[in-house]
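The values are calculated or read from the model by the stated rules, or taken from the named source; none is laboratory data. As the structure is a computational prediction, the values presented were derived from the model and not from experiment. Heads up, the Cβs are rebuilt from the backbone with ideal geometry, glycines too, and the neighbour counts pull from every protein chain shown.
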Amino acid sequence: MKYFQKNITLNTLNAELKRKQIVHMSVSSLRRLLFLIDFKYKKDDNRIVLMEKPHIAGQRTRFLRKYKENLESDFKRDVIFLDETWIFSKRNAIKSWQDGSSKSMKRPQGYDGKRYIVLDAGGKTGFVENSELIFASKSNPLDYHGEIYKYRDVY
């Protein structure tokens with residue numbers, strides 16, 4: 001079984017545990033056991049998995065250092081945050097068994113439907129006027145950053 005690459009259900013987990021001769025129990029007993037060890041069946045939040053990648057954690061640390069330096073500077077610069085997100089027109093959240101750590105999360109997979117990119121910019125005085133942007137993605141569904149970079153100069 002390739003963990004984190006497909007949705008693990010009670011039936012598939014129980015079959016794998018029996019196949020590897022780890023434990024033999026009913027599906028209902030397995031469900032009770034998972035609850036006892038603090039696993040919950042809930043909607044996946046893949047942001048946890050993405051945020052814990054080492055290069056992303058390093059970028060976050062570098063940003064926070066520069067941000068703190070700016071706050072402590074005699075010549076503070078206004079900080080404008082640009083944020084982007086995306087949604088799919090046909091996306092339904094998937095549920096899985098999770099224990100609250102990123103180790104139990106399934107890796108993000110492909111999605112169905114058209115992808116829409118949403119961008120906006122703002123700071124301590126509010127959103128930058130006319131900075132919002134929503135558009136349908138036309139690129140590789142696994143990498144939409146190329147399209148976002150095209151709009152970078154708008155801001």
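Structural remarks
- Meets criteria (in contact with a Phe, Trp or Tyr (Cβ under 9 Å, 6 or more places away or on another chain), exposed (fewer than 11 other Cβ atoms within 10 Å of the Cβ) and at pLDDT 60 or above) for K90: yes
- Filtering the range 121-132 to residues that are at pLDDT below 90 and under 21 Å from the mean Cα position of the chain (by Cα) leaves nothing.
- Subset of the range 59-87 that is under 17 Å from the mean Cα position of the chain (by Cα) and surrounded by 10 or more Cβ atoms within 10 Å (Cβ to Cβ) - its residue that is modelled with the highest pLDDT: Q59
- Criterion violated by K43 - all others in (1) among the charged types (D, E, K, R); (2) closer than 30 Å to S131 by Cβ; (3) at pLDDT below 75 satisfied: (2)
- Residues that are at pLDDT below 90 and surrounded by fewer than 12 Cβ atoms within 10 Å (Cβ to Cβ), drawn from the range 4-19: Q5
- Sub-7 Å Cβ pairs linking a first residue in the range 27-42 that is within 13 Å of L13 (Cβ to Cβ) to a second residue that is assigned to a loop (DSSP other than H, G, I, E, B), at least 6 apart or interchain, are F39/D99, ordered by first then second residue.
- Of all residue pairs spaced 6 or more apart or on separate chains, those with beta-carbon atoms under 6 Å, a first member in the range 103-124 that is farther than 26 Å from F81 by Cα and a second member that is modelled with pLDDT of 60 or more and in a strand (DSSP E or B) are S104/Q98; K106/S96; Y111/F88; G113/F88; K114/A136.
- Those residues of the range 11-37 which are basic (K, R) and part of a helix (DSSP H, G or I), in sequence order: K18, R19, R31, R32
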